[in-house]
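Notes follow the structure.
The values are calculated or read from the model by the stated rules, or taken from the named source; none is laboratory data. Keep in mind the model is a prediction, meaning the values are calculated, not measured. For neighbour counting, all protein chains shown are included, and Cβ atoms are generated from backbone atoms with ideal geometry for every residue, glycine included. Each accessible area value is taken on the protein alone, full model and side chains, heavy atoms only, with ligands, DNA and RNA left out. Shrake-Rupley method; radii C 1.70, N 1.55, O 1.52, S 1.80 Å.
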Amino acid sequence: MTSPLSRRSFLGLSGAVGLTATLAACGGGTKIGSGSSAPASAAPTFSGGEYNGPKVNLEFWNGFTGGDGPHFRAMLDAFNKEYAGRIEVRNVTRRWEDLYPAMPTAIAAGKGPDVAVIHIDWIGTFAVRSVLSPLDDVVSALKLSDADFIPAVWQAGVYGGKRYSVPLDVHCLGDYWNAAHLDKIGLKEAPADKATYQDALAELAKAGVAKPFWMPNKWPAHLMFMTLLWQNGGRLYSEDGTKALWGSDQGAQALAWMVEQIDKGYSPEKVAIDTQYAAFKNDKVSFTWDGIWQINDLKTNAPNLRWGLSPVPAIGDSAAVWSSSHNLVMTAQAAKDANKVQAAKFFIDHISRQSTEWAKAGMIPARNSVRQDPSIADLPQIKLAADPGVFHFLPALPGVGDVQSKALELAVAKAVLKQSSPADALKEGVVTADKLLADNKRKYAQ
């Protein structure tokens, strides 16, 4: 998908320092930024069916600046060709870290997007700031439900009892493995549980792979931690969004396993950012956990590497994996125009149904009918969705990205760098997280 740097820029910094503060401050005297959880204006109800009104131009914003961009542009070109004379979608691509703070002010001025793609962890923030318009009528008119999608990603698009998005995909961590290394110990793919995974690491070390599993302290270390937390039965935040729960015994156990891989000699200490992935590409590492957006990068930039992709192993008591999702949304700007409403909602449903091309960008289609299309059955990421119940997402808490970047990520890094024990690092991080959660409650007037 995108390069590791740009991928971190929206996920690792998805509520980064200053961005949610910017959202809270923007909007002036308009509805956007006011703290109201209601849309800026009541949008006309979606009638269903194809759009048959006068010609409409839709401004469409997204952050697909990397290798995923050509695939999405192909989808837009096909749509514009099919509906020429009725709907024209103008594609505006910006870096994610630029797109998110720009959207509220642009929409308030009537110069923003009518439709957009945003990540699922921004839905709560944008919904409470009235940047988005609900899509409940689309769901009703098209009779959509969680039976049509991966259930967890469908449910994650709801905030405050209203639906604000239609999911396009799921992207998650996977376990990339070096086939030549596994040949040395008689394995055909990565082990699926803790005991066999640890045995494989020990055998690989004996077979001459000095450091078979490099443990990062930054990207994607916090995604690995959340995966292991959920596998151990832990939770990130309380239901009301006032308490961080990742400092639990389950959290300490998850983080301790990460540190243990360094203590056992399977990873160097103080692995610099991105070097674990670079080492994998250069045939030095046997396993690396990274996002499925790396699939196309490996195909293009590591043509001589024999590799495979498996689900992240169940190190804890049950299978679970950190996941995110690109979601199609309609903004409060489009909601002011009855024809734009109908065209925008028709566009959202159409792109969701016609997204086999998007799977070629390395994504897992969220829609069951698309994911089950035989034309994409052999793509490496599809098998990661064999059990859709493993996917876990951040809760739709306004400003949750700030809590992640300023507390959770720092706690994980501190433990992996051996600056503190896992339990102490998490305990300290939770104190910071709880203060940030309290600030967010006030900031977003929930």
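Listed by chain and number, the lysines whose alpha-carbon sits under 29 Å from that of Lys427, ignoring those within fewer than 8 places in the same chain, are Lys194, Lys218, Lys243, Lys264, Lys270, Lys406, Lys414, Lys418, Lys435, Lys441, Lys443.
Rolling a 1.4 Å probe across the protein heavy atoms gives the range 79-183 an accessible surface of 30 Å² per residue. By a 1.4 Å probe calculation restricted to protein chains, Leu245 has an accessible surface near 60 Å², given to the nearest 10.
Given +1 at the Cβ of Lys and Arg, -1 at the Cβ of Asp and Glu and no other charges, the dipole of the range 186-242 around its Cα centre is 280 debye to the nearest 20. Projecting the Cα atoms of Gln372, Thr356, Gly429 onto the charge dipole of the range 351-446 (Cβ charges, centred on the Cα centre) puts Gly429 farthest toward the positive pole.
Report, in deg cm²/dmol and to the nearest 500, the calculated mean residue ellipticity at 222 nm for the chain, where each DSSP H run with n ≥ 4 adds -39500 (n - 2.57) and the sum is divided by the residue count. Mind showing how you got there, number by number?
Numbers: 19 runs with 177 residues, N = 446.
So the helix-based figure for the chain works out to -11500 deg cm²/dmol.
In whole Hz, what ³J(HN,Hα) sequence does the range 185-199 give by Karplus (6.51, -1.76, 1.60; θ = phi - 60°), x for Gly and Pro? Rounded to whole hertz, the list is 10, x, 9, 9, 7, 5, x, 10, 9, 4, 4, 6, 5, 5, 4.
The angle separating the long axis of helix 422-443 from the principal Cα axis of greatest extent in the chain is about 10 degrees. A 1.4 Å probe run over the range 263-407, with the rest of the protein chains in place, finds 35 Å² accessible per residue.
For His392, the residues whose modelled amide H falls within less than 5 Å of its own, excluding neighbours fewer than 5 places apart on the same chain, are Val321, Ser323.
The portion of the accessible surface of the chain made up by carbon and sulfur, rounded to a whole percent, is 51 (1.4 Å probe; DNA, RNA and ligands excluded). Relative to the longest principal axis of the Cα atoms of the chain, the long axis of helix 96-108 makes an angle of roughly 20 degrees. Tilt of helix 221-231 relative to the longest C-alpha principal axis of the chain, in degrees (0 to 90, nearest 10)? It is inclined by approximately 90 degrees.
Straight-line cross-link reach from Lys281 at under 16 Å between alpha-carbon atoms covers these lysines, not counting any fewer than eight positions away in the same chain: Lys211, Lys299.
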